[in-house]
Amino acid sequence: MQAQQDLRGGPATEVGDQATGETDDVLVIGAGASGAVASWALARAGFAVTCLEQGGWMDPSAYTSDHDDWEYHRLRDHNPNPNVRRLPHDYPVVDVDTPIKPLLYNAVGGSTVLWSGHFPRFHPDDFRVRSLDGVAEDWPLTYAELAPYYERNDVMMGIAGRSGDPAHPPRSARQMPPVPLGAGGQRLAAGFDALGWHWWPADSAIATRPYRGRSACNSCGPCELGCPTGAKASVDVTHWPEALARGARLITGARVSEITTDAHGRATGAVYLDAEGVARHRRARAVIVAANAIGTSRLLLLSASPAHPEGLANRSGLVGRNLMHHPIATVTGVFDDLLDGYRGVTACSLMSMEFYGTDPDRDFVRGYKLQALRSHGPAVTALGGFGLDVPWGADHHRRHAELFARTASLTVTAEDLPDPGNRVTLDDRVTDAWGIPAPRLTYAVDDNSRRMLEHGIGSATQVMEAAGAREILVTPLLVQGGFHLMGTARMGDDPAHSVVDRWGRAHDCDNLFVVDGSTFVTGAAMNPTSTIQALALRTAEHLAAHGPTRAGARSRVA
Amino acid sequence: MRAHDVLDEREHARLAEVLDVLLPGDAERPAASALGLVDEVVALAARREDDTAAVRALLGEVDSGASASAPSWPSAAALSRAEQAVPEAVRAVLQLACCAYYAHPTVRDVLARTHGYPPRPPQPLGYELGAG
């Protein structure tokens, strides 16, 4: 039992587990992409697992893509930027010192509620950039070690795609056929073909046929509003129902303020503030943090104690450091005919590996991915869409008429090399609604990434020209582009140069694990969710097999 | 929420002028005032304190710029001047204006005719995308 101060300034409140006598085998913090996988895997293995999530359950019937004002919701209460959205369960992120703004979501399902479902794997070379290119660090594991976990997680998520991509190692047949390219994707594919450049239908966590109780995608477009049909694989749909059926417990509205430790520095559980702001302590034999690379490092830094004076598991000083995004540029082609890009999953059609990895003839190391994007509805188009220049005033309608439904875009997704100066710290002034210090981002796009983006813009421009675009519009750096959060508690074999080991276990705290993008050693140029989930599955199963003593209250489930 | 719960009559009239500068009409598309868009915009602004504040900040800037040396109001030049002074407020009001404008049935009908854009929200019907 611990005495915790009500952080709103109320009286000290005695809270704890003694009333119920409960001690979890494993306490998971965060119910998003990685926390759901870990909770599911541990519950399936018979462990007593509880997950704390500061948001609540989403109600798909309340999603607003069937509302007349759906584009308003996309810009406001469903905006992926928490500083714009500002819902009661969000926390602010101080972002004045970063050109890339953070995008995330707080709910059961986490950011998979809002994502588009683009689901590429990392390439084998991405795990050994030090060996190949002499930069950053190698991962302490290989693609081959992770491949079985990718495969099994794919089955849970349900992947639409086409196996056989020559740019990647073989993988099993995809669960469903790929998301249709649509008119814009077909136009871009023709451009790639004319140049003789690689492209392939992208793996997408989108049901293109009915799959495990989920409906087939009806190509409505705004995945960011949440998917009312369940076609999109958000983990509140794919993992949580089975996790709960297997006995996992999920506590929503639980804002964790501290991971508690004993005199020896081992994790004992976590303090969270419930919806009324009352501090409660949940005891556990092991703790898994799955709160994304911003939220996780924030929480570890908040959890300083005599045994961990610089923050939990931070003897290396690397907690919060090496924050990586994917710096993104967009190149948009304007075509004469209607491409209807408001139809279909915005970010899922095709991708190109033509410029992936290092080429010594270029003035940068590593490489980038080109990924097709569709377009937007009429209001977001009017407000700029992907780099559009629609003025207000006398010329508004003419310009809108020539752009709306006539564009297709390519993103240049650049590999962002780790830099310890890019980091998450605790802000000394801004707090969330319960008085918990907000995370603060300090981040700069380095010269290597800028040269990479410049090269990518040139490549994408060639594709647009070959595809017949009559006008090409460029966004050199997507400001609202911090979808991918990585690196702030990186893994490695050397405790002096990493926070967690190859299994996600903290070097400084043997019953503390991290399973989100924080553990990434490098960021590749690939969307990270499939790799995050594969790693989370691997960590959870390792913990189940080799972790701290478990209660053994329930038998292992095959 | 009624428009006059948020703005008084003078502010309401001034916002209607602002909206017509932002979104004037042309041969195909109606001006904001022809749609009575101001009430829609005020209703959207009333949902969030920051948007209500943005509307007030823009109107305040427009009024403060009504000096002898300022561009005459209503005009694009005057709104450009306001945009220099309170860019975030202008951006917010423009977002509300476009959301209201492009959700309006009259404008949807125009887009259906000129661009083949179905005059309805994306769900529940979704769209055909073909197999390619």
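Rounded to the nearest 0.05, what FRET efficiency do A:Asp447 and A:Asp359 have when you use their Cβ-Cβ distance and R0 = 25 Å?
After rounding to 0.05, the efficiency reads 0.90.
Would you give the gap between the C-alpha center of the range A:315-376 and the C-alpha center of the range B:1-65, rounded to a whole Å?
Here the answer is 38 Å between Cα centres.
Hey, with R₀ at 35 Å, roughly what FRET efficiency would A:Gln480 and A:Ala245 work out to, going by the Cβ-Cβ distance, to 0.05?
With a Förster radius of 35 Å, E is 0.40.
Lys and Arg at +1, Asp and Glu at -1: add these up for the other residues within a Cβ distance under 13 Å of A:His89 and post the number.
Taking every other residue near A:His89 into account, the sum is -2.
Note down the relative contact order for the range A:418-480 as a percent, whole number, built from C-alpha pairs under 8 angstrom at least six residues apart.
Relative contact order here is 23 percent.
Taking the Cβ of B:Gly60 as the centre, find all other residues whose Cβ is under 11 Å away and add up their charges (Lys, Arg: +1; Asp, Glu: -1).
Net charge around B:Gly60: -1.
Given the DSSP H assignment, sum -39500 (n - 2.57) over each helix run of at least 4 residues in chain B and divide by its residue total; what's the result at 222 nm in deg cm²/dmol, nearest 500?
Mean residue ellipticity, 222 nm, calculated: -18500 deg cm²/dmol.
Rounded to the nearest 500, what is the 222 nm mean residue ellipticity of chain A from helices alone, with -39500 (n - 2.57) per DSSP H run of 4+ residues and division by all residues?
-7000 deg cm²/dmol
Rank the residues A:Ile288, A:Ile472, A:Ile532 as a footprinting-exposure proxy: fewest other Cβ atoms within 10 Å of their Cβ go first.
Listing A:Ile288, A:Ile472, A:Ile532 from fewest to most nearby Cβ atoms yields A:Ile472, A:Ile532, A:Ile288.
Over all directions, how big on average is the projection of the convex hull of the alpha-carbon atoms in chain A, in square nanometres?
24.3 nm²
Treat each spin label as a single point 7 Å out from the Cα along the C-beta direction, and report the A:Leu338 to A:His546 distance in nm.
Here the answer is 5.9 nm between the modelled labels.
In whole angstrom, how long is each semi-axis of the equivalent ellipsoid of the range A:280-413, when you take the square root of 5 times every eigenvalue of its Cα gyration tensor and sort them from largest down?
The equivalent ellipsoid of the range A:280-413 has semi-axes of 43, 22, 14 Å.
In peptide A:375-384, how many Cβ atoms from other protein chains are near each Cβ within 10 Å, on average?
Per-residue shielding by partner chains comes out at 5.
How far apart, in nm, are the 7 Å Cα→Cβ label points at B:Ser75 and A:Ala173?
That separation, rounded to one decimal, is 7.0 nm.
Take A:Val49, B:Val107, A:Val237, B:Val86 and order them by how many other Cβ atoms sit within 10 Å, fewest up front.
In increasing order of surrounding Cβ atoms, one gets B:Val86, B:Val107, A:Val237, A:Val49.
Would you mind giving the mean number of other chain beta-carbons within 10 Å of the Cβ of each residue in B:94-106, as a whole number?
Going residue by residue through B:94-106 and averaging, the value is 6.
Values quoted throughout were computed directly from the atomic coordinates according to the rules given, and no laboratory measurement underlies them. Note that the coordinates shown come from a computational prediction; the quantities given were computed from them, not determined experimentally. Note: ideal-geometry Cβ built from the backbone for every residue, glycine included; neighbour counts use all protein chains shown.
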